[in-house]
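The structure appears below as structure tokens.
The values are calculated or read from the model by the stated rules, or taken from the named source; none is laboratory data. Not measured: the values here are computed from a predicted model. Neighbour counts are summed over all protein chains in view; Cβ atoms, including those assigned to glycine, are modelled from backbone coordinates with ideal geometry. Ligands, DNA and RNA are stripped out before the accessible areas are found, and what is left, the full protein with its side chains, is counted by its heavy atoms. Shrake-Rupley method; radii C 1.70, N 1.55, O 1.52, S 1.80 Å.
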Amino acid sequence: MGVKHSAPTLLCQNIKYPDNLNLLDLPHDVLLLFCNYLPLQDLPNLSRSCTHLNLLVGHHLDHLTSVKMISSWARFLSTNTGLLTQMESLVDHVRKKEDLMGRKDMYRLLHIRPDQMEEVMRVSCAEERVTFIGRNSPDKVEVRDELGRKVVRVDRVRWLQVEYKWSEVKLGRYRVSVRIRVEDNFTWPHTEHQPTVWTVGFPVEEGEEDIVVGVDRAWWRHLRKGKTLGGRLLVEKEGLGKWVRV
């Protein structure tokens, strides 16, 4: 219970409480169940209420950061070290439960939710195996201090194409995303008739099929302003910085 942040149903029909019951008078196990209904970002405020609730939140966080979660995190690090996000890099020292350095590490892991990840394979656009037209220009690849690794910076291009192909993909369900950061001076595409096309190709019995999604200039402007985007592309914001996953 709680490993995947589930909210169990409380069955209290046969329990009678006085009208002036204090919340802190409830049994400790019942209060822990209430914590499952609280968003992660509300737990720090609850812990600052009093010593009793501070201990309660500590027990709740310790329960959520289970051995299973940390094992999932260790497997993720074994295949993606060097391609971590800002949030992930803050807990890249964690390999077992004893490596957690206080509640900050617990909150960060619970934000990342490695136990809900399947097998993850990341590829850097700065690598030669990724087709990236114009990447070899000297001003296109730079080291980001907050990431500690190389990233591709797109400044001025007439044509932008990024492509990567995974080989030996087994039958299953997959999710593909591109991690980007749109700066404040972003102006591309220049006209409303210049769409951006996102394509995912996959093999079928006879040849290959494509999933194609096009977005226009308005979509990019909404992305730059941090507005909620609809449509067929899911945009997820990261906890730190302006990076998003599309």
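Go through 168, 118 for me and flag whichever is open to solvent by 60 Å² or more (accessible area, probe 1.4 Å), under 17 Å from the mean Cα position of the chain (by Cα) and modelled with pLDDT under 85. Spell out the reasoning first.
Numbers: 168 fails: under 17 Å from the mean Cα position of the chain (by Cα).
Result: 118 is the single residue among 168, 118 that is open to solvent by 60 Å² or more (accessible area, probe 1.4 Å), under 17 Å from the mean Cα position of the chain (by Cα) and modelled with pLDDT under 85.
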Please tell me if residue 244 is closer than 13 Å to residue 177 by Cβ, touching a Lys or Arg at 6+ places or on another chain (Cβ under 6 Å), hydrophobic (A, V, I, L, M, F, W, C) and in contact (Cβ under 8 Å) with a residue 40 or more places away in the chain. yes
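What tally of residues in the range 85-98 results from selecting those that are in contact (Cβ under 8 Å) with a residue 24 or more places away in the chain and under 29 Å from residue 124 (Cα atoms)?
Keep residues of the range 85-98 that are in contact (Cβ under 8 Å) with a residue 24 or more places away in the chain, which gives 85-89, 94-97.
Then keep just the ones that are under 29 Å from residue 124 (Cα atoms); that gives 85-89, 94-96.
Residues that pass the stated criteria total 8.
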Name the pairs: first residue in the range 174-196 and touching a residue at least 40 places away in the same chain (Cβ under 8 Å), second residue loosely packed, with under 11 Cβ neighbours inside 10 Å, Cβ to Cβ under 7 Å, at least 6 apart or on different chains? none
Among the listed residues 232, 179, 153, 129, which satisfies the condition of being more than 23 Å from residue 85 (Cβ to Cβ), open to solvent by 60 Å² or more (accessible area, probe 1.4 Å) and among the basic types (Lys, Arg)? 232
Please pick out the residue among 184, 155, 210 that is at pLDDT 85 or above and among the acidic types (Asp, Glu). 210
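Quick check on this structure: which one of 213, 176, 130, 200 is touching a Lys or Arg at 6+ places or on another chain (Cβ under 9 Å) and not charged (D, E, K, R)? Spell out how you get there, then give the answer.
Working: 176 fails: touching a Lys or Arg at 6+ places or on another chain (Cβ under 9 Å); 130 fails: touching a Lys or Arg at 6+ places or on another chain (Cβ under 9 Å); 200 fails: touching a Lys or Arg at 6+ places or on another chain (Cβ under 9 Å).
Every option except 213 fails the conditions.
Which residues, taken from the range 57-97, are part of a loop (DSSP other than H, G, I, E, B), open to solvent by less than 30 Å² (accessible area, probe 1.4 Å) and among the hydrophobic types (A, V, I, L, M, F, W, C)?
We begin by selecting, within the range 57-97, every residue part of a loop (DSSP other than H, G, I, E, B); these are 65-66, 81-85, 90-96.
From what's left, open to solvent by less than 30 Å² (accessible area, probe 1.4 Å): 65-66, 84-85, 91, 94.
Answer for the range 57-97, where residues must be part of a loop (DSSP other than H, G, I, E, B), open to solvent by less than 30 Å² (accessible area, probe 1.4 Å) and among the hydrophobic types (A, V, I, L, M, F, W, C): 84, 91, 94.
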Report yes if residue 9 is open to solvent by 50 Å² or more (accessible area, probe 1.4 Å), of a type in the set (Val, Ile, Thr), over 19 Å from residue 112 (Cα atoms) and modelled with pLDDT of 90 or more, otherwise no. no
